[in-house]
Ligand code: HEM
C-alpha cells in the first residue's frame, strides 16, 4: 500500500472552502455588528431605505453565519480531515474531485444568490429557514453531492476503522438532511390559492402548534447538527493532532457521541415552554435539555483531559489556546442552555436578550474559535508555509476573547433586567413598566454589545489578514509539519 | 384516566426513553467488557489522528480486495 511514493493529499477543495469560510464569516459578522449597532442606535435603520432595516438584515446575518460561514468551515475541514484519517487522497478519484468541485460552485453561487434574495425580502419567514423553495432545492442538491463525497471517500479508504471525527461528520450529514427536508416542506402560495398567490412565495405545509413543533425540532437540532456535532468532530481531530496527544479516552468519545445523538433530538421543545404544545412535550424538552449536559461535557472534558500533563503547550502555542478556550466556551453554553430550559427560569429568559447572549457565547466562543483554529492549523499544510505572525494571532485571541465576554455579559444583564421588568407588578397587580421603559434601561447594554461586535469583527479581520499573509509571504516549509503548527 | 392519542404519545415517548437509556448503559458495559476480555482495543483508534500521512500504516488495514477502486500507477 505504501507503493505510491508520489501520492499526496489534495487540499484544493479545502482551500476553496477556506476562502468561502473567511468571506462569509466577514460578511455575516459585519451584518451582525450592524444590527447590533441598530439596536443601540435606531437611526441606523434608515441609511439604505428598506434594504438597511433591522428586519431585512437580521435573517441575512443568521443565514450567512450559519449556512455561509459555518457550513463552509464544515466542508473545508471535512475535505482535510476526511482524507487524512481515512488515509486516502482525493487525487485518487477523479469522480470525487469532480463532485467536490461541482458542489463547491453550486454552493458558492447558490449561497450568494440566496443572500441577495433575502436582501430583497424574498423570505418564507421561518427562522433559519427563510430561503424560499428554489434555494431549498439547491441546498438539497449541494447536500446530496456532499453526501456522495463523504460516502465516496469512505468507500475508497485505506484505514478500515472510522475515526471518531468521521462519525461526527456523518451525523452532521444525516441530521441536517433529515431536518432540512422536513422543516422546509412548503407549497407556493400560487398553488394554494387558485392562482392568486405567488409562485416564488411559499407557505409551510404545517400550521399552528404543529408548525411550531416542527420548526423548533428543526431550529434546535440545527444547533445540534450544525453548531455542535461537526465542531466536536473538528476538535477531536485538530486538538490531538496539534498537541501530539491522542484523545484522552476514545471510549468516552464513542459514548458521548451516542449520548448526544440520543438526547439532542428530544430537547427542541424547550423553545416552546409555556406555549400551546402538550405539557408532556414541554416537560420532556426540559428534562432532556438537562440530561444533555452529560454528553456535552463528556466531549469537552475529554478534550481538556487530552491536554493532561501538556498544559505548558497552552502558554506557548496560541493555537492550543484557541482550542482550549473553544471547549471551555462549549462547556459554558451547554450548562447555560439547560439552565434556560428549566421552566421557571425560562419564564424569565424567554424572549429576552439573554437568549442571543446564550447563542453568541456558543457561536463566538466555540464555533468561530474552533473554525479559526482549524484554518490556522490547516494553512501551513495547505500552503506549505509558516503562519505569518504569532504575535498577531495572540493579539487577535485576546481581542476576541474580551469581545465575547463583553457580548454575553451585557446580554445577561440586559436579558434578566428585561425579564424582571416585564413581569414586575405593583401591589394591585398592575404592570409596573411599559415596554419602552425597558428599552431605555437597556440602551447602555446594547451599546456595549455593538462595541463587542466591532472588536470581534476587527479580530476576524486580523485572522483573515494573517491567513492571507501566510499564503502569500509566509516562510516556505520544505515539508509538512507533523504536529505543532509552525509560526513566525 | 383518559387514553387519547396525545396521552398515548406521551407514554410511548417515556417508554422509548427508558429503552434508549438502557441501551446506552448497555453500550458502556459493552465497551469496557470487550476491552477487558481482550476482544477489542478502542484506545488504539486515537492514533488515527496522530499518524495520518497517506503513506502511514493504517491502524486497521482495509484489505486491497475490499477497496472499491483499482490501485493505479503502482
Ligand atoms: C461580530 C459578531 C456578531 C455580532 C455582533 C452578532 C450580533 C447579532 C445580533 C445583534 C443578533 C440579533 C439579536 C436579536 O434579535 O435580539 C444576532 C442573532 C443571531 N446570531 Fe449573531 N452576531 C455575531 C456573530 C454570529 C455568529 C458567528 C453566529 C453563528 C455562527 C451568529 C449566530 C446568530 C444566531 C443564530 C442569531 C439568532 C439568535 C436568536 O434568534 O435568538 N452570530 N446576532
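Laboratory data are not the source of any read-out in this text; all were calculated from the coordinates shown. What you see is a predicted model, and the numbers here were worked out from it, not measured in a lab. Glycine gets a Cβ as well: all are built from the backbone with ideal geometry, and neighbour counts include every protein chain shown.
What to note about this one:
- Each residue in A:17, A:135 was given a count of other beta-carbon atoms within 10 angstrom of its own, and listing them fewest first yields A:135, A:17.
- Chain A: angle of helix A:208-222 to the longest principal axis, Cα-based, in degrees nearest 10: 30 degrees
- In terms of the mean number of neighbouring beta-carbon atoms within 10 Å, the peptides A:231-240, A:141-150, A:432-441, A:62-71 order highest first as A:231-240, A:62-71, A:141-150, A:432-441.
- Exercise: per-residue mean of other protein chain Cβ atoms within 10 Å, A:87-94: 3
- In this entry, the range A:303-422 is assigned a mean projected area of 8.5 nm², taken as a quarter of its C-alpha convex hull surface.
- Residues B:29, A:320, A:335 in ascending order of nearby Cβ atoms (within 10 Å, fewest first): B:29, A:335, A:320.
- Sorting the segments A:36-48, A:162-174 by their residues' average number of neighbouring beta-carbon atoms within 10 angstrom, most packed first, yields A:162-174, A:36-48.
- Estimated from helical segments only, the mean residue ellipticity of chain A at 222 nm is -23000 deg cm²/dmol, where each DSSP H run of four or more residues counts as -39500 (n - 2.57).
- Value of Rg/Rh across the protein assembly as shown [Cα atoms, Kirkwood radius]: 0.97
- Diffusion constant of the range A:7-205 at 37 °C, which comes from Stokes-Einstein with the Kirkwood Cα-pair radius and 0.692 mPa s, µm²/s: 179 µm²/s
- Per residue of A:105-117, other chain Cβ atoms within 10 Å of the residue Cβ number 0 on average.
- Sorted on the mean count of surrounding Cβ atoms within 10 Å across their residues, most packed first, peptides A:395-404, A:194-203, A:120-129 read A:395-404, A:120-129, A:194-203.
- Mean Cα-pair separation over length for chain A, i.e. relative contact order, pairs under 8 Å, 6 or more apart, %: 15 percent
- 0 to 90° range, to nearest 10: angle between helix A:435-473 axis and chain A longest Cα axis: 10 degrees
- Between 0 and 90°, nearest 10: helix A:71-86 axis offset from chain A longest Cα axis: 30 degrees
- Taking only Cα atoms of the range A:121-272, radius of gyration then Dmax in Å: 18.8, 64
- Mean sequence separation of contacting Cα pairs (under 8 Å, at least six apart), scaled by the length of the range A:1-123, corresponds to a relative contact order of 39 percent.
- Likely footprinting exposure, A:296, A:478, fewest C-beta neighbours within 10 Å first: A:478, A:296
- Pairwise label distance in nanometres, residue A:112 with residue B:27, each label 7 Å out on the Cα-Cβ vector: 4.2 nm
- Other protein chain C-beta atoms within 10 Å of residue C-beta, averaged over B:39-47: 5.
- Mean Cα-pair separation over length for the range A:129-269, i.e. relative contact order, pairs under 8 Å, 6 or more apart, %: 28 percent
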